[in-house]
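What follows is a set of notes on a single structure, which appears directly below.
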Amino acid sequence: MDFEYMEQGTTSWRVPVLLFVAGTAIGAAAGLAMAPATGRETREFLRRRSSDFARTVSERADRVSSAVKAGRDQAAAIFRDTVDTAAEQARSTYHNVASVASSMPSSSRSSHSPS
């Protein structure tokens, strides 16, 4: 390939621009000749497809949102149950210790108290 045209000062930009314009025109002509549908039909097809896509995305987002909310609610319920169980066990342990302590003679309780 001969690149002499690039060394010529004023014509160096003309050839690549001309090739670009020619390639664009050939590509557009080939696209129009091979198009399976008219412009109106293609636009309607794209409109329907984009609408279907938007609806699908919206439905999936709603499902994800619902699943996250259900998971949050379930986690909150489990947390509340765990806290309630721990509090009940703490109360029960306290009452058992208090019961044992009250049944001990007062002299035994004073000897076990911290100094």
Debye calc, one equal point scatterer per Cα of segment 18-63, no solvent, log10 I(q)/I(0) at q = 0.25, 0.27, 0.28 1/Å comes to -0.85, -0.89, -0.92
Placing each pseudo-label 7 Å from Cα in the direction of the beta carbon, residue 83 and residue 35 end up separated by a distance in nanometres of 6.4 nm
Per-residue HN-Hα couplings for segment 84-89, Karplus 6.51 cos²θ - 1.76 cosθ + 1.60 at θ = phi - 60°, whole Hz, x for Gly and Pro? 4, 5, 5, 5, 5, 5
Please turn the phi angles of segment 50-63 into ³J(HN,Hα) values with the Karplus equation 6.51 cos²θ - 1.76 cosθ + 1.60 (θ = phi - 60°), one per residue in order, whole Hz, x for glycine and proline. 5, 5, 4, 5, 4, 5, 5, 4, 4, 5, 5, 5, 5, 5
Need the C-alpha centroid separation for segment 42-61 versus segment 77-100, integer Å. 55 Å
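Read-outs: derived from the displayed coordinates by stated rules, not from any lab. Since this is a predicted model, take the numbers as computed values, not measurements. Note that we place each Cβ from the backbone using ideal geometry, even for glycine, and neighbour counts take in every protein chain shown.
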